[in-house]
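For reference, the structure is listed below as structure tokens.
The values are calculated or read from the model by the stated rules, or taken from the named source; none is laboratory data. Bear in mind that the values here come from a model prediction, so they are computed numbers and not experimental data. Positions of Cβ are backbone-derived with ideal geometry, glycine not excepted, and every protein chain shown enters the neighbour counts. Ligands, DNA and RNA are excluded from the accessible area calculation, which covers all protein heavy atoms including side chains. Shrake-Rupley method; radii C 1.70, N 1.55, O 1.52, S 1.80 Å.
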Amino acid sequence: MEKFIEATGDTRDAAIEAALKQLGMDRDDVSVEVLDNGKKGFLGIGATPARVRVTYEVPDEPVKKEEPVHSPVEKPAKPHRAEKPVKEEKAAEKPQKLSITDADDTPRLVKAAPADFVPEKLDVERPPRRERPRRERGGRRERRPREERPITPSVPKERELIPVSEECMKKAEQLATDFVTGLLEKMGVEGTVTTLPQVECDQLRLEISGPDMGPIIGRRGDTLDAIQYLGSLVLNNALDEHVRLSVNTENYREKRAESLERLARKIAMKVVKSHRSMTLEPMNPYERRIIHAALQDFNGVTTYSTGTEPGRRVVIAPDNNFHARS
């Protein structure tokens, strides 16, 4: 008769030795089947032990003789006892008590009523139903007129001018001129930076002149606005007083303002004729201020801004208050 056991070890030989030691046998007395060679893993991680199955023979066990099975002797059946008489069921079940609630919600118990008893309906006053006005067949419900909310126009606010000292203005002129000149050299553009006469007490104006100012202006003045923005950052970080910087070239700022004013009046005429709002392209705060100022006294339209930077736009809408007055 063959039997087997399974053993494990770090290696295949170690697993076989463990099985032989457990059986107390020699290698020649058993047959070995390798189930898993195992894995060493990396630095002990992922290692699996080797597993073997060792088969060995043992003497057959003697067969036990089966003992004869004696059939049980049937015992004589006991005489049936006389069944006890079943109690007669009650002719009528106990009547259940009924609970009737009065109109004032006070429960009271009454005795059982006959099977054919039908309680009368209690007259309880119900609140009157709310009558809704019916509409005639084929008719439509009257719509409430919409309340036209007035649009608050965006009026350009007047800036509070804070005068800058003469020493601070000279320092700002030197810093801004050096910065813009160095920026032109980095861009590879030939140009000269000059200072224009001061118009407002907190503003420094610079003029860039050269043979080709197209790269300085950029698409719709984007490059020129970027130079002005960077120069303003340099001044505000280096100075104690706030100085506004304006950078211009080839009179571009004035030309751009004139074209925006013409565009604003043209769109305003369309809005007055069509009575519909129209939205302009995204603009910076300086250009939006030009649109608002150009249409501030234009009859029949109002302006306001919508959106967030840098996609903030100007909306030209019909002025409902003006139409009501007219």
Discussion item. Could you compute how much accessible surface Val164 exposes when probed at 1.4 Å, giving the result in Å² to the nearest 10?
Written reply: 30
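Just to make sure I understand: if all protein chains stay in place, what is the order of Arg289, Arg53, Arg256, Arg276 by accessible area at 1.4 Å, largest first? Write down the numbers at each step before the final one.
Values: Arg289 95, Arg53 70, Arg256 40, Arg276 170 Å².
In descending accessible area the options line up as Arg276, Arg289, Arg53, Arg256.
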Item to complete: Go through region 12-17 residue by residue and turn each phi into a ³J(HN,Hα) via Karplus (6.51, -1.76, 1.60, θ = phi - 60°); whole Hz please, and just put x for glycine and proline.
Response: 5, 5, 5, 5, 5, 4
Item to complete: Per residue of region 257-266, in order, report the coupling 6.51 cos²θ - 1.76 cosθ + 1.60 (Karplus, θ = phi - 60°) as ³J(HN,Hα) in whole Hz, putting x for Gly and Pro.
Response: 5, 5, 5, 5, 5, 5, 4, 5, 5, 5
Practice prompt. For region 179-193 and region 225-242, write down the distance between their C-alpha centroids in whole Å.
Written response: 17
Fill in: Heavy-atom accessible area ranking, 1.4 Å probe, most first, across Tyr286, Tyr304, Tyr56, Tyr229
Tyr229, Tyr286, Tyr304, Tyr56
Discussion item. So, taking all protein chains as they sit and a 1.4 Å probe, how much accessible area belongs to Glu261, in Å² rounded to tens?
Written reply: 70
Fill in: For Asp13, solvent-accessible area (1.4 Å; no DNA, RNA or ligand), Å²
100
Response to the item:
Calc'd 3J(HN,Hα), region 53-59, phi into Karplus 6.51 cos²θ - 1.76 cosθ + 1.60 (θ = phi - 60°), Hz, glycine/Pro = x, comes to 10, 10, 9, 9, 9, 10, x
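Within 10 Å of each candidate Cβ there may be at most 12 other Cβ atoms; applying that plus a DSSP loop requirement, which GluC sites (Glu not before Pro) in region 179-218 survive?
Glu190
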Response to the item:
Non-local residues with an amide H under 5 Å from the amide H of Leu35, with H modelled 1.01 Å from N and Pro and chain starts lacking one, are Arg51, Val52, Arg53
